[in-house]
Amino acid sequence: MNRFRSRLLFALLTLIIIVLIGLGLLLGQLFKSFYVQNFHDRLEKEVSLVEIIVSEKGLGSKELHDELDSISKILRARATVFSDKGKILLDSNGANLPVTDKDLQDFVKKRINEQDGVVREGGNSEVYYYGAPIVQNDQKVGSVVLSASIDSLDEINKQIWGVLIGSLGMALIVILLLGVKIMNQYTKPIESATKVAMELARGNYKARTYEDYVDETGMLSQAINILARNLQELIASQEVQQDRLRTLIENMDSGLILIDEKGYINLINRSYKDTFKINPTDYLYQLYYEAFSHREIAAIVEEIFMTELRVRKSIVIPINIERRHFEVYGSPIIGLNDEWKGIILVFHDVTELKKLEQMRKDFVANVSHELKTPITSITGFSETLLEGAGNDEEIRNQFLKIIHKEGQRMQSLIQDLLDLSKIEQQGYKLTIAEVNLVEVIEEIIMILKEKAKSKGIELAFYHEKEEMFIEADSERLKQIFINLINNAITYTPSGGRVTLKMRDGRQDVEVLVKDTGIGVSEEEIPRIFERFYRVDRARSRNSGGTGLGLAIVKHLIEAHHGQIDVESAVGEGTTFKVNLKKKQGK
């Protein structure tokens, strides 16, 4: 803006100088012409006056010479009287002019003798000649010549130019100051409006200009401010909408991909990146068929491009070592006037739903199977007794024992299902109290000692202290360790060993339940806490197990804010490591 002001000031200054110079030249010439004309008119009148005096005095008068001297000094001119023959009769050079007699005689011969009245002629560059004939009795008896210097004209001309230059210079300064003030008055709001417009172009919508004027510049400033306020409100509203949309997209559970009309990927949300474990730089602004490593996704995009219709498909994609199930929704983005904008893909991860559905199926199948076996046995033996086998007391007692055993098995299964259902319910509460864990485990060992002895299994318990107190539910602790120790005895062959070790930590207590049984393969370890899962189904069923014990154990330990881990090797045995906190968080 300073360049604009400088250019405007330079143009204004140039125009003013040109106008003032032209005006000065015109005025100088007018003043000079006016003064010169007055000078000539005055001398012409003066020469006529001298001619009259000479005519009255007469050429032969003795006083005429003195009169000429006085006139020459007063008029500051050389007065010369010539005879009719051109001879100088009287001469008075009171002004000391550089004029020769020959110049005067030539003037008289050429001009005065040939013309009547006053005659004027410029001599050299410094003197003018003014002559008039002397007439007596209507006869020309001589002539009078006044020679005047033009030095006074030069002085007057210099004074005129001095006054003009001074006056015009002062006028230039005054006009310049007024012009600068007026220019500032009009350019300042324009500069301010320009700066605000540049700030708006840079994205600073808080910029404002002053509205101090009521003319067109004030209207411009007001319009700029209104535009800035409207833009600020529009951008603020747009930013709020963008923030809402960004928050929605980034925090939605489903993966989302936006592809433009040319097939380039423009947007990937956080859920998609986390689910597919990808680097965004490998996807963003890349062609979809180059970015997608899974052909199933690229095929969905191609189908939408070809049909311009919504697509919904279920696909299974391997991610790392896991196979994940997705419901993919794809839709074309159609703008105004049916303009094609691109494609949006939404990925719903339904892997957990598929797992839950499969678990439900497995649960129904397992429960049905577990109930079918004892019910079949009870029904079969009951029918046999009803058909007459009950008459034999030994057979009847044997069948009744089997029926009683299967009934107890059904009761145990139902009780475990009820316990598991109760534990899994939200809001399940434990009866927390201070419990001596050593005493609890010793009571369990006393209960299971006979079972271990009957199988020829050594059952040992090692602990650092006689008392290790924790905050826990005593009955649920017994349920946890009865299940673990009972399983260890069940899956350990005769001559084996089941060992319990307790370690006192700073904030928790660690209990190890280790056996030398059949062990669990590495592939089966993640599944041993599932409902109805058995490593050795035949042995488990023969032992009266329901397949729910370890599921209940895991849920109870988690309810105590504890942790359970498993280490096992086939043929070497299994170790369960249980960590229980000494203090339960409020």
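Near Lys582, which lysines are there with a Cα under 26 Å away, not counting those fewer than 8 places off in the same chain?
Lys422, Lys429, Lys465, Lys478, Lys501, Lys514, Lys554
Summing Lys, Arg as +1 and Asp, Glu as -1, what charge do residues with Cβ under 12 Å from the Cβ of Glu442 carry, Glu442 excluded?
-2
Express in Å², to the nearest 10, the accessible area of Met198 obtained by rolling a 1.4 Å probe over the protein heavy atoms while all chains stay in place.
Its heavy atoms expose roughly 90 Å² to the probe.
What is the percent carbon and sulfur in the accessible area of the range 14-69, measuring with a 1.4 Å probe over the protein chains and ignoring ligands?
66
In whole percent, and with a 1.4 Å probe on the protein chains, what portion of the accessible area of the range 223-287 is carbon and sulfur?
In the range 223-287, the share of accessible area belonging to carbon and sulfur is 53 percent.
Let me know the number of lysine pairs in the range 166-321 closer than 28 Å at the Cα, not counting same-chain pairs under 8 apart.
Count of close lysine pairs: 8.
Please list, in order along the range 220-237, the HN-Hα scalar couplings obtained from phi with the Karplus expression 6.51 cos²θ - 1.76 cosθ + 1.60 (θ = phi - 60°), rounded to whole Hz, x for Gly and Pro.
Going residue by residue, I get 4, 4, 5, 5, 4, 5, 4, 4, 5, 5, 5, 5, 4, 5, 5, 5, 4, 5 Hz, with x marking Gly and Pro.
I'd like the FRET efficiency for Ala298 and Glu522, computed as 1/(1 + (r/R0)^6) with the beta carbon distance as r and R0 of 35 Å, rounded to 0.05.
After rounding to 0.05, the efficiency reads 0.45.
For the range 246-380, divide the Cα radius of gyration by the Kirkwood radius and give the resulting Rg/Rh value with two decimals.
Radius of gyration over Kirkwood radius for the range 246-380 works out to 1.21.
Of the peptides 171-179, 128-136, how do they stack up when ordered by the mean number of other Cβ atoms within 10 Å, highest first?
Those peptides, ordered most packed to least, come out 128-136, 171-179.
If amide hydrogens are placed 1.01 Å from N in the peptide plane, which non-local residues have theirs closer than 5 Å to the one on Ile457?
Those lying under 5 Å, H to H, from Ile457 are Gly495.
Between Leu548 and residues 5 or more places away or on another chain, which pairs have amide H atoms under 5 Å apart, with H built 1.01 Å from N, and which residues are they?
For Leu548, whose amide H was placed from the backbone, the distant partners under 5 Å are Phe532.
Roughly what would the spin-label model give for Leu178 and Ile344, points 7 Å off Cα along C-beta, in nm?
With each label placed 7 Å out from Cα toward Cβ, I get 6.8 nm.
The values are calculated or read from the model by the stated rules, or taken from the named source; none is laboratory data. The model shown is predicted, which means the values in this text are computed figures rather than measured ones. All Cβ positions, glycine included, derive from the backbone under ideal geometry; neighbour counts span all protein chains shown. Note: accessible area is taken over every heavy atom of the protein model, side chains too, but ligands, DNA and RNA are not part of it. Shrake-Rupley method; radii C 1.70, N 1.55, O 1.52, S 1.80 Å.
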